[in-house]
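Undergrad: Can you keep this structure in mind? I'll have questions shortly.
The values are calculated or read from the model by the stated rules, or taken from the named source; none is laboratory data. Everything numeric here is computed off the predicted structure, so don't read it as measured data. Please note: Cβ atoms are built from the backbone with ideal geometry, for glycine as well, and neighbour counts cover all protein chains shown.
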Amino acid sequence: MKYQWLLFDADGTLFDYDRAEAHALSESFAQIGYPFEEKYLSEYRHINGSLWQAFEQGGINQNRLKVERFELLCQAFGLTLNPALLSQLYLENLACGTFLIDGAEETLKALINHYNLAIITNGLKDVQRPRIASSSIHSYFPVIVISEEVGAAKPDKKIFDIAFQRMGDPQREEVLIIGDSLTSDIAGALNYGIDSCWFNPGRQQRPVGLNIRYEIDALNDLIGLLNVS
């Protein structure tokens, strides 16, 4: 394979964000002594997803996003809770959520002797730094680029410029990004002119006209795709 660098997304690609999110939200409610209901999680995910899409489009900054999602959650159910406190507790709990996607560590072990590995994520620094550092896969990634730290987010070209600088300025044809998000990972790859591999465990239908170089539904499919024995 022509690639020298594999650029991984974090949440939903390497880390099981859904599991970490559910645990962090229920734990936060428990810490403030308020009964947690499953309907809070489903509504939170809807709100959070919409706000992160707005963030990718430049419509909201990350500091505002942190609290606004809980303001909207409380409004939706008439909860008399402090959104700022709930946000603080949630982020602390989420930072402990080191649950991995099935096959993540096995796949990285197979790839590390053949490729350079990096992480590029739109996550929050106070969540991503501690959870990556305390995870079993932290040693595989000499380069970790977090949007909040660098002031730019996928799909913006600026975050890729920074990632490439930290990677030693490889040629664009030498880099493959692997991610689950069409709007940040795949769109970012297209904007920057690098190949992409869409991680699609839900086997969603591929959008018409979107130029995706590869598609996998299990992480360990990368081992065969990249000719690693």
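Undergrad: Any chance segment 129-142 includes a residue that's touching a Lys or Arg at 6+ places or on another chain (Cβ under 6 Å) and of a type in the set (Ser, Thr, Tyr)?
TA: no
Undergrad: Six or more apart or on different chains, Cβ under 8 Å: which pairs go from a residue in segment 26-46 that's surrounded by 13 or more Cβ atoms within 10 Å (Cβ to Cβ) to one that's part of a loop (DSSP other than H, G, I, E, B)? Could you list them?
TA: Ser26/Phe36; Phe29/Pro35; Phe29/Phe36; Ala30/Phe36; Tyr34/Leu79; Tyr34/Leu81
Undergrad: Still on this structure, I have one more. Given the residues Asp169, Asp185, which is the only one that is out of contact with any helix residue (DSSP H, G or I) (no Cβ under 9 Å at 6 or more places or on another chain), outside the structural domain of Leu51 (by TED's automatic domain parsing) and not in a helix (DSSP H, G or I)? Steps first, please.
TA: Values: Asp185 fails: not in a helix (DSSP H, G or I).
Within the list Asp169, Asp185, the selection yields Asp169.
Undergrad: Working only within segment 101-127, note down all residues that are assigned to a helix (DSSP H, G or I), at pLDDT below 95 and not β-branched (Val, Ile, Thr). Before the answer, list the steps.
TA: Of the residues in segment 101-127, the ones assigned to a helix (DSSP H, G or I) are 104-111, 125-127.
Add one more test, that the residue is at pLDDT below 95, and what stays is 125-127.
Selection gives Lys125, Asp126.
Condition check ((1) in the same structural domain as Ser196 (by TED's automatic domain parsing); (2) of a type outside the set (A, V, I, L, M); (3) within 24 Å of Ala133 (Cα to Cα)) across all residues:
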residue	(1), (2), (3)
Gly12	yes, yes, yes
Ile32	no, no, no
Leu41	no, no, no
Glu56	no, yes, no
Gly78	no, yes, no
Pro83	no, yes, no
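Undergrad: Select from segment 87-120 the residues that are touching an Asp or Glu at 6+ places or on another chain (Cβ under 6 Å) and surrounded by 20 or more Cβ atoms within 10 Å (Cβ to Cβ) and write down the one among them that is nearest to Arg19 (Cα to Cα).
TA: For segment 87-120, the residue satisfying everything is Ile101.
Undergrad: Hey, any hits in segment 68-84 for a residue that's at pLDDT below 95, surrounded by 16 or more Cβ atoms within 10 Å (Cβ to Cβ) and closer than 21 Å to Gly123 by Cβ?
TA: No; the residues of segment 68-84 include none that is at pLDDT below 95, surrounded by 16 or more Cβ atoms within 10 Å (Cβ to Cβ) and closer than 21 Å to Gly123 by Cβ.
Undergrad: For segment 100-124, how many residues are of a type in the set (Lys, Arg) and under 21 Å from Phe164 (Cβ atoms)?
TA: 0
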